[in-house]
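Visitor: Sending over a structure as structure tokens; questions will come in a sec.
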């Protein structure tokens, strides 16, 4: 997927929406959406591939105040499968209307967190049987997590104050291990290449994840690529 250019996106949002369209087409999804909050600047952001009719209906009815998908993602550190929420009254309220606009309730939201309290949720939807949905996610979850981090970080760094503050410092070894991981090497492979134990590799990966405020290694890789610390595989 082509990276987002922050300057262009900051002016019009077209690059962000184009990125979401690319994710949707690549993984054969029905829709992709992002919502985030940056407490440093006091701004919120939302981009989606939904039709304008549903987006307007959602805003007019203030569903964002009760939408459990948004609220759960802000509280969670792991991807949120919407099946966990479907019995709730708020979920039924939102998706009763969503179905009338052709929006499925088969979805997943990936939380993303930054070092200054910024938080975002990257949601993907596809109307399909449960088993098909699980198989699809099993094959693409790592790439979705990287895409989520890329989207969130680019939006946050498009704001000058956040761009100055958000600059983690990784060691040369941590960067090196992230680069090999991005190239598809296992921890054992990396240990052999660098003549260190695979346990030492894991220690450096854990440290890199912490410094990058990433929940998973794919998210750490996505964030490191965004910051220009490593190169895409």
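Visitor: Would segment 52-73 turn up any residue that is surrounded by fewer than 19 Cβ atoms within 10 Å (Cβ to Cβ), more than 14 Å from residue 98 (Cβ to Cβ), at pLDDT 90 or above and touching a strand residue (DSSP E or B) at 6+ places or on another chain (Cβ under 8 Å)?
Guide: No, that holds for no residue.
Visitor: Checking residue 153 against (1) out of contact with any helix residue (DSSP H, G or I) (no Cβ under 7 Å at 6 or more places or on another chain); (2) in a helix (DSSP H, G or I); (3) assigned by TED's automatic domain parsing to the domain that holds residue 80: exactly one of these is not met. Which one?
Guide: So the condition that residue 153 fails would be (1).
Visitor: Now for a different question. Considering only residues that are farther than 14 Å from residue 33 by Cα and either without any contact (Cβ under 8 Å) to a residue 12 or more places away in the chain or not in a loop (DSSP other than H, G, I, E, B) (or both), which ones fall in segment 58-79?
Guide: 59, 60, 62, 63, 65, 68, 71, 72, 74, 75, listed by residue number.
Visitor: Looking only at segment 10-21, decide whether some residue is free of Cβ contacts under 8 Å to residues at least 24 places away in the same chain, in contact with a helix residue (DSSP H, G or I) (Cβ under 9 Å, 6 or more places away or on another chain) and loosely packed, with under 13 Cβ neighbours inside 10 Å.
Guide: Yes: one or more hits.
Visitor: Please go through segment 112-150 and give me each residue that is assigned to a helix (DSSP H, G or I) and closer than 15 Å to residue 223 by Cα, ordered by number. Full working, then the answer.
Guide: Start the filter on segment 112-150 by keeping residues that are assigned to a helix (DSSP H, G or I), which leaves 130-150.
Within segment 112-150, 142, 143, 144, 145, 146, 147, 148, 149, 150 qualify.
Visitor: For the list (1) within 17 Å of the chain's Cα centre (by Cα); (2) without any contact (Cβ under 8 Å) to a residue 60 or more places away in the chain; (3) part of a helix (DSSP H, G or I), I need the number of the one condition that residue 109 fails.
Guide: (3)
Visitor: What residue, among those in segment 136-167 that are under 27 Å from residue 42 (Cβ atoms) and surrounded by fewer than 16 Cβ atoms within 10 Å (Cβ to Cβ), is modelled with the highest pLDDT?
Guide: This residue is 167.
Visitor: Within segment 80-97, can you find the residues that are in contact with a helix residue (DSSP H, G or I) (Cβ under 7 Å, 6 or more places away or on another chain) and buried (at least 18 other Cβ atoms within 10 Å of the Cβ)?
Guide: Step one: of segment 80-97, the residues in contact with a helix residue (DSSP H, G or I) (Cβ under 7 Å, 6 or more places away or on another chain) are 80, 82, 85, 88, 90-91, 94, 97.
Once the filter is applied, which keeps residues that are in contact with a helix residue (DSSP H, G or I) (Cβ under 7 Å, 6 or more places away or on another chain) and buried (at least 18 other Cβ atoms within 10 Å of the Cβ), segment 80-97 yields 80, 82, 85, 91, 94.
The values are calculated or read from the model by the stated rules, or taken from the named source; none is laboratory data. A quick note: this is a predicted structure, and the numbers were derived from the prediction, not measured. Because the Cβ atoms are built from the backbone with ideal geometry, glycine has one as well, and the counts that use them run over all protein chains shown.
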